[in-house]
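See below for the structure under consideration.
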Amino acid sequence: PLVALTVHRAFFRCARPAPGQHLLVNGCAGGLGHIAVQMGKALGYRVTGVCSTRNLEVAKCLGADAVIDYTSQSPLDGEQRYDLIFDAVANLNFSTAKRSLTPSGVYVSSIPSPTNMLAAPLLNRFRGKKHRTVWVAPDGASLRQITEMVEAGQINPIIEKTYPLEEIQAAHAHSETGRVVGRLSLRVP
């Protein structure tokens, strides 16, 4: 639920989703990204996913309308403009991403930094394009909406691998590679 709640808050607290808007999900096959693609589609976004070559088919199966292979193309090259850029891996930055935003577009980072915690809120008051960081808090109404999406088959979490609890170090090492598709889970006896 924490992953889906993070994405939900990014979409509803940091941006204003509307059918037909363009969404770029950087890291679309990872833990946050794979949920963002599916939730974006459920909300009516036209979704472009960014991932490595090995995950292109995963991104398409998740429902991405277009996929960019970052190993051969910069996700911000080209003429496409996005209403929302959700940087699930936080390896882009607002300074670079803003040229790919629509005039009222929003760049949302999933990982806080001094710049997006301190400067961005002040600077956002003076610019059309916004830079936001998603902060997660418990929210029953959002969790109910997420539950409805899961029950309707609009969100299907991917669990790449389940580790026994005693292999938690191996699970953490796997997670640190940055190559996990979806999520990892632990089996507690």
task = Could you tell me whether any residue of the range 34-51 is of a type in the set (Lys, Arg) and modelled with pLDDT under 95?
result = no
query = What do you reckon, is CYS14 surrounded by fewer than 24 Cβ atoms within 10 Å (Cβ to Cβ) and either in contact (Cβ under 8 Å) with a residue 24 or more places away in the chain or among the aliphatic types (A, V, I, L, M) (or both)?
reply = yes
Enumerated strands (runs of 3 or more DSSP E) restricted to the range 41-113, each holding at least 3 residues that are open to solvent by less than 20 Å² (accessible area, probe 1.4 Å) = 46-51, 82-87, 101-109
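The values are calculated or read from the model by the stated rules, or taken from the named source; none is laboratory data. Note that the structure is predicted; figures quoted are calculated from it, not measured. Don't worry about glycine lacking a Cβ; one is built from the backbone with ideal geometry, like all the others, and counts go over all protein chains shown. With ligands, DNA and RNA removed, areas are computed over all heavy atoms of the protein, side chains included. Shrake-Rupley method; radii C 1.70, N 1.55, O 1.52, S 1.80 Å.
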